[in-house]
1. Put Phe125, Phe116 in order of accessible area, largest first, 1.4 Å probe: what do you get?
2. Return the sequence-ordered ³J(HN,Hα) values of region 232-238 in whole Hz as given by the Karplus equation 6.51 cos²θ - 1.76 cosθ + 1.60 applied to θ = phi - 60°, using x for Gly and Pro.
3. So what is the relative contact order for region 12-91, in percent, with contacts set as C-alpha pairs under 8 Å and at least six apart?
4. Beyond 18 Å, what share of the Cα-Cα pairs of region 1-147 is found? Please give it as a whole percent.
5. What list of ³J(HN,Hα) couplings, whole Hz, do you get for region 32-47 from phi and the Karplus terms 6.51, -1.76, 1.60, once you set θ to phi - 60° and write x for glycine and proline?
6. Which residue, Gly45, Gly171, Gly216, tops the fluctuation ranking in a GNM of the chain built on C-alpha contacts under 10 Å?
7. With springs only between Cα atoms under 10 Å, which of Val14, Val277, Val99 fluctuates most in a Gaussian network model of the chain?
8. Sorted by accessible area (1.4 Å probe), largest first, how do Glu224, Glu198, Glu30 line up?
Amino acid sequence: MGDHPNRGPMMTRVCWQLVEILSLMLHPDERQAVRGDLVESGATGSQALRDVLGLVVRRQAIPWTHWRPWLTLASLVVPLGMLLSVVSKSTADGSAVYVWMYANNWKWDDLGNAGFWYVFVETVFLVFKWYLALACWSWTSGFVLGSISPRMIQTNGVLFFLMLLFGALVGAPRYFAYVWPFRHGANGPVFSLVFYRETFPLIVLALLVVGPSLWGIRQGERTERLRPLLRQVLWIAAIATLPAMVIQNPELSVFLKVFRRREIWGAWQIWLLQLVVYWPVAYLVASAIGRHRRRRMASI
């Protein structure tokens, strides 16, 4: 059966693009074989899409006959997706006030004011710290997922992305509406704008949560090649980062029944826990240096 004539070449190209995307979820050897079979059979775009989709569904369904994928879904994908969605929403709303303040209310006269620049630099550093922490939490969450189930990184990546999207669109707004109904308060003029209320949180989610978490999943898959001692050190850092995310974000207190206390924040253990959050930066820098040295040695 050929493609419907009214669909035209545009629909055919879309179908083949979807075939290429779906085939990435197959093993490389099987992927090449499937592509070869489709070319030899002369299948149309819609037929190829139907066949590849059916094959991918069958292949992806096999692991779910065991208990481990379900445990990963219930203990990591769902809770981490919801936690990151809440933290991402809180970070976006907090930084939106500063973005609005400088983007919508600055004046040319402010550029000659030393006090303006002092506060501006201080604000940039504060917001950068928030964003870096969020990106590190996201990267670590993906790293844990990739390390635990390297054979299912594609499936877990898709499920994690869907969980983040659900959390951003449904979970986080409902959560804040329940635990903090008047959280915007005096910042009402900021969030009366659709961009800061709806669009900006999605931008933060895409750039600082989805991207780093998928990157972390890929990096976590490669931990099997590392030495056992290094792998254990990375796992300790990753495990310590997850409770740090809860401790450093009081908006999660109702969600997990964890409350911020002054006497706890004064302890050196909590200071160290805050510092551990940024371990992905050190890991990525060390990995880049190691790759550079190996390339340099190979070229000699």
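1. Values: Phe125 135, Phe116 40 Å².
From most accessible down to least: Phe125, Phe116.
2. Per-residue couplings from phi come out as 5, 4, 5, 5, 4, 4, 5 Hz.
3. On the way: 31 pairs, mean separation 27.3, N = 80.
Reported relative contact order: 34 percent.
4. Values: 7854 of 10731 pairs.
Summing the P(r) of region 1-147 above 18 Å gives 73 percent of all pairs.
5. 5, 5, 5, 4, x, 5, 5, 5, 5, 6, x, 5, 6, x, 5, 5
6. Result: Gly45 has the largest fluctuation of those listed.
7. Result for the chain, Cα springs under 10 Å: Val14 fluctuates most.
8. Values: Glu224 130, Glu198 95, Glu30 50 Å².
From most accessible down to least: Glu224, Glu198, Glu30.
The values are calculated or read from the model by the stated rules, or taken from the named source; none is laboratory data. Note that the coordinates shown come from a computational prediction; the quantities given were computed from them, not determined experimentally. All accessible areas refer to the heavy atoms of the entire protein, side chains included, with ligands and DNA or RNA removed. Shrake-Rupley method; radii C 1.70, N 1.55, O 1.52, S 1.80 Å.
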